[in-house]
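Enquirer: Quick one: the structure is below, and I'll ask about it shortly.
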Amino acid sequence: MKVGIIGCGAIANIITTSIVQEQNEIDIAYFFDKDIERAENLASLAGGVAVLDFDDMLGNVDLILECAAPASVKEYAPKVLGNGCDMIVMSIGAFMDMDFYYEMEKLAKENNAKIHLPSGAIVGLDGIKAVAKFGLKEVNLVTRKSPKSLGKEIDTEEVLFEGKASDAVKEFPLNINVAATISIACQRDIDVKIIVDPKVDRNVHEITAKGDFGEFKTTTMNYPCAANPKTSMLAALSAIRLLKSFNETICVGM
């Protein structure tokens, strides 16, 4: 499988380094970033090609991996899916725009393409998907992050946001993709609280789901990426796992 990457920052570096070191059947061959130096550096690591024009890699890959930002999803996804190319989207918040979500779903179906949304920086998504249409009544996310990861300079705990996921991803487009992931998985605009807490050094996500099936709660305490504290290592690892699953004969879980 030949892969092209949009966005050559911290997440792309972790994914590329892991895939290259394992020497498997995944070939990350093309790299595109508006900062061409970042693309060239990553291409050199993987023995791939950095392109100035996104279209130069589109016809040469089986799958595009987006590691940039929600704006990049909206800019490039129509081209990718319109060309019948599969896509992994890390900036899942873009799909909280439901008009865009349904437009891309329709475009993918028309061109026999697939959109893959990794589980990202949380656990328990398989359970949420399983109960989404079977009496799920309430889903809540409480995210707690350090001031550094949110670009704040405070010394006391503060609630930065409390409301719906669709509003959270607009206010914090680079910090709260997990809210979009859960919302899309359970097909509802979940309740979200974002807390900045100087006492924590991890990105903490607590999910509570209640319904006719019973109740479950998960807590994920992620170390942030050293190169980008806004995101968690687990987000990159989930994309690596997804890439590897495409070549597996037996797949466990959803």
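The values are calculated or read from the model by the stated rules, or taken from the named source; none is laboratory data. This one's a predicted model, so the numbers in the text were calculated from it and none came from an experiment. Glycine also receives a Cβ, built like all others from the backbone with ideal geometry; neighbour counts cover every protein chain displayed. Calculation scope for accessible area: heavy atoms of the full protein, side chains included, ligands and nucleic acids excluded. Shrake-Rupley method; radii C 1.70, N 1.55, O 1.52, S 1.80 Å.
Enquirer: Tally Lys and Arg at +1 and Asp and Glu at -1 over the other residues with C-beta under 13 Å from the C-beta of P229: what net charge comes out?
Expert: +4
Enquirer: What does the charge count near C8 come to, summing +1 for each Lys or Arg and -1 for each Asp or Glu among other residues with Cβ under 13 Å from its Cβ?
Expert: -3
Enquirer: Using DSSP to call loops (not H, G, I, E or B), can you name the GluC sites (Glu not before Pro) in the range 140-231 whose Cβ has at most 16 other Cβ atoms within 10 angstrom?
Expert: Taking the range 140-231 and a limit of 16 other Cβ atoms within 10 Å, the loop GluC sites (Glu not before Pro) found are E153, E157.
Enquirer: I would also like to ask the following. Antiparallel DSSP bridges in the chain: what percent, to the nearest 5?
Expert: 50
Enquirer: Mind checking the angle between helix 10-22 and the chain's longest principal axis? C-alpha axes, 0 to 90 degrees, to the nearest 10.
Expert: 60
Enquirer: What is the chain's relative contact order, in percent, from Cα pairs under 8 angstrom and six or more apart in sequence?
Expert: Working: 515 pairs, mean separation 47.2, N = 254.
Result for the chain is 19 percent.
Enquirer: Something else: What is the sum of charges, Lys and Arg at +1 and Asp and Glu at -1, for the other residues whose Cβ falls under 9 Å from the Cβ of E158? Don't skip to the answer; put the middle values down first.
Expert: Working: positive: K152; negative: E157, D197.
Result for the neighbourhood of E158: -1.
Enquirer: Just name one of I92, V169, G127: the one whose Cα is farthest towards the positive end of the charge dipole of the range 13-169 (beta-carbon charges, Lys/Arg +1, Asp/Glu -1).
Expert: So the residue furthest toward the plus end is G127.
Enquirer: Among T219, N41, I240, which residue has its Cα furthest toward the positive end of the charge dipole of the chain, with +1 on Lys/Arg Cβ and -1 on Asp/Glu Cβ?
Expert: T219
Enquirer: Still on this structure, please answer the following. Given the pairs K137/K164; K74/K170; K193/K244; K164/K217; K74/K210; K114/K244, which are separated by over 25 angstrom at their Cα positions?
Expert: Flagged as over cut-off: K193/K244; K74/K210.
Enquirer: With a 1.4 Å probe and every protein chain left in place, work out the accessible area per residue of the chain in Å², rounded to a whole number.
Expert: I get 49 Å² per residue for this part.
Enquirer: Roughly how many Å is it from the Cα centre of the range 180-254 to that of the range 117-175, as a whole number?
Expert: When both Cα centres are located, 9 Å separates them.
Enquirer: For the range 197-207, take each phi angle, set θ = phi - 60°, evaluate the Karplus expression 6.51 cos²θ - 1.76 cosθ + 1.60, and give the result in whole Hz per residue in order, putting x for glycine and proline.
Expert: 9, x, 8, 9, 10, 10, 8, 9, 10, 10, 10
Enquirer: In nm, to one decimal, how far is the modelled label at K244 from the one at Y223, with both set 7 Å along Cα→Cβ?
Expert: Output for this residue pair reads 1.8 nm.
Enquirer: Under the rule of at least 5 residues apart or a separate chain, name every residue whose amide H is placed under 5 Å from the amide H of I88.
Expert: It is I64, L65, E66, H116, by chain and number.
Enquirer: Using only Cα atoms and rounding to the nearest 10 degrees, what angle (0 to 90) does helix 36-46 make with the longest principal axis of the chain?
Expert: 80
Enquirer: Give the angle, between 0 and 90 degrees and rounded to the nearest 10, that separates the Cα long axis of helix 98-110 from the longest principal axis of the Cα atoms of the chain.
Expert: The angle comes out near 40 degrees.
Enquirer: Could you list log10 I(q)/I(0) for the chain at q = 0.08, 0.09, 0.15 Å⁻¹, which the Debye formula gives when each Cα is one point scatterer?
Expert: So the normalised log intensities work out to -0.31, -0.39, -1.10.
Enquirer: At 7 Å along Cα-to-Cβ for each site, give me the label-to-label distance between A71 and K114 in nm.
Expert: Each label point is offset 7 Å from its Cα along the Cβ direction, giving 3.1 nm.
Enquirer: Counting other C-beta atoms within 10 Å, and keeping those with at most 15, which DSSP coil trypsin sites (Lys or Arg not before Pro) do you find in the range 40-127? Mind dumping the intermediate values first?
Expert: Working: sites: K74, K79, K106, K109, K114; in loops: K114.
Listed in order of number, the matching sites are K114.
Enquirer: Please give the calculated 222 nm ellipticity per residue for the chain, where each DSSP H segment of at least 4 residues contributes -39500 (n - 2.57) and the sum is spread over every residue; nearest 500 deg cm²/dmol?
Expert: Values: 9 runs with 91 residues, N = 254.
It comes out at -10500 deg cm²/dmol, rounded to the nearest 500.
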